[in-house]
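All remarks here apply to the structure that follows.
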Amino acid sequence: MDNKERGLNYSITVLPGDGIGPDVTAEAVRSLEAVGRSFGHSFDLSHGLVGGIAIDQLGTPLPQETVAMCESTDAILFGAVGGPKWDDPGATVRPEDGILALRKSLGLFANLRPVRVFPAVMDSSPVKRQLLEGVDMIVVRELTGGLYFARPKRRWQTSRGRRGVDTLRYTEQEIERILRVGFELARGRRRRLTSVDKANVLETGRLWRELAVEVSRDYSDVELEHILVDNAAMQLIRNPAHFDVVVAENMFGDILTDEAAVLSGSMGMLPSASLSGLPETGRAIGLYEPIHGTAPDIAGKGIANPIGAILSAALLLRYSLGLEDEANAIERSVEGALAEGYRTGDIAGQGEDVVGTAEMGAVIAGRV
Ligand code: IPM
Ligand code: MG
């Protein structure tokens, strides 16, 4: 029996986007193909347009064709969107609208951002090594509601100057379902859930806290703690190893995960999974992307760190395809490449040799 007969065939939509998105996504694909060869699966890849490149070619950041591709695929591998070319504050369409609309239209309300610190690159972080030992957390960011999406949201002119409004509104159903994702994940880990809010000031924060207490009755095996978002920002650096699962509102989660990336040594290291729910049967609709942006200053130079994208491919295998061994194989390959001393510029220490995006991608794929 050859590999093809043993393995399974999956369809994957690849949306590279802008800036370094295409550079790093190509390396994630290279690791997926290596998994295909080693484990006998085949991946049918279809590439689609999103973000600034889609605005340039089709006048919209999320073309209907792209949505249709995403709806009929096993999983989506996403790069990054945005860039100075499309940054005019007066612009009517923005690349970022592409990813936001995609998250919303696919119902990807749960954004999982695992934060690991690979021992080999601990010294790349400005945080002291002794604080980094044992850091292993997962931030669960609410992704389709809160300050990003609620209406009204607009800017307008009045006789007394310009005004702008964004709205922070949540229904109890939206908060409850993201809390449950947090509790479920905590159950499979160290059984601590840290719920982030701003209950001392915001009504939505008080609702969030009230619901966290209510939902916790179904999870008496999980220790629930509440933390104000400003304090969370501080504790993330003071005592990062304390955290197991952290659950937060959309914008709070966005901000805290850029901060958490500092623990891992670079923005280029962290992956994410955006899911329509927890994979009860080992499969869920999911979009996988590194948490970093398009890094326009280094786009196309072949020097970006592809690890966040490659680890996102591992999450894709785990959460959307139910291929745990294959996901572990990629994660071990990343760890191995780092342990062997391979470094992109962002994680290299003084005097350390530096490899480019493609070489790092090839080394990792070669170890799968
Ligand atoms: C992220 C990014 C996006 C967000 C941007 C590009 C819209 O910062 O995925 O964290 O704010 O969600
Ligand atoms: Mg962000």
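No value in this document is a laboratory result; all are computed from the given coordinates. The structure displayed is predicted, hence computed values, not measured ones. When we count neighbours, we look across all protein chains shown, and the Cβ atoms used for this are built from the backbone with ideal geometry, even at glycine.
Some notes on this structure:
- Residue in the stretch 20-28 that is surrounded by 15 or more Cβ atoms within 10 Å (Cβ to Cβ), in contact with a Phe, Trp or Tyr (Cβ under 7 Å, 6 or more places away or on another chain) and touching a residue at least 12 places away in the same chain (Cβ under 8 Å) present: no
- Of all residues in the stretch 288-336, none satisfies the criterion of being within 16 Å of ligand 2 (Cβ to nearest atom), in a helix (DSSP H, G or I) and of a type in the set (Val, Ile, Thr).
- Candidates in the stretch 241-263 are the residues that are within 23 Å of Gly349 (Cβ to Cβ) and within 14 Å of the chain's Cα centre (by Cα); of these, the one that is nearest to ligand 1 (Cβ to nearest atom) is Asp258.
- Hey, Glu65 under 24 Å from Gly107 (Cα atoms) and surrounded by fewer than 22 Cβ atoms within 10 Å (Cβ to Cβ) or not: yes
- Of residues in the stretch 209-219 being without any contact (Cβ under 8 Å) to a residue 24 or more places away in the chain and surrounded by 14 or more Cβ atoms within 10 Å (Cβ to Cβ), the one nearest to Gly182 (Cα to Cα): Arg209
- Condition check for Tyr170 on (1) under 18 Å from Glu225 (Cα atoms); (2) surrounded by 20 or more Cβ atoms within 10 Å (Cβ to Cβ); (3) not aliphatic (A, V, I, L, M): one failure, at (1).
- Among (1) within 16 Å of ligand 2 (Cβ to nearest atom); (2) among the polar types (S, T, N, Q); (3) more than 17 Å from Asp136 (Cα to Cα) - the single one Ser216 does not satisfy: (1)
- Residue within the stretch 229-240 that is loosely packed, with under 14 Cβ neighbours inside 10 Å, under 19 Å from Glu172 (Cα atoms) and not hydroxyl-bearing (Ser, Thr, Tyr) present: no
- One residue stands out in the stretch 239-285 among those that are among the β-branched types (Val, Ile, Thr) and assigned to a helix (DSSP H, G or I): the one that is farthest from ligand 2 (Cβ to nearest atom), namely Val262.
- Screening the candidates Arg151, Arg163, Arg190, Arg206 for the property of being in a helix (DSSP H, G or I), surrounded by fewer than 20 Cβ atoms within 10 Å (Cβ to Cβ) and either in contact with a strand residue (DSSP E or B) (Cβ under 9 Å, 6 or more places away or on another chain) or not small (Gly, Ala, Ser) (or both) yields one hit, Arg206.
- In the stretch 91-109, the count of residues that are surrounded by 20 or more Cβ atoms within 10 Å (Cβ to Cβ) and away from ligand 2 (no atom under 16 Å from the Cβ) is one or more.
- Scope the stretch 75-90; condition of a type outside the set (Phe, Trp, Tyr) and either assigned to a helix (DSSP H, G or I) or within 16 Å of ligand 2 (Cβ to nearest atom) (or both); matching residues: Gly79, Ala80, Val81, Gly82, Gly83, Pro84, Lys85, Asp87
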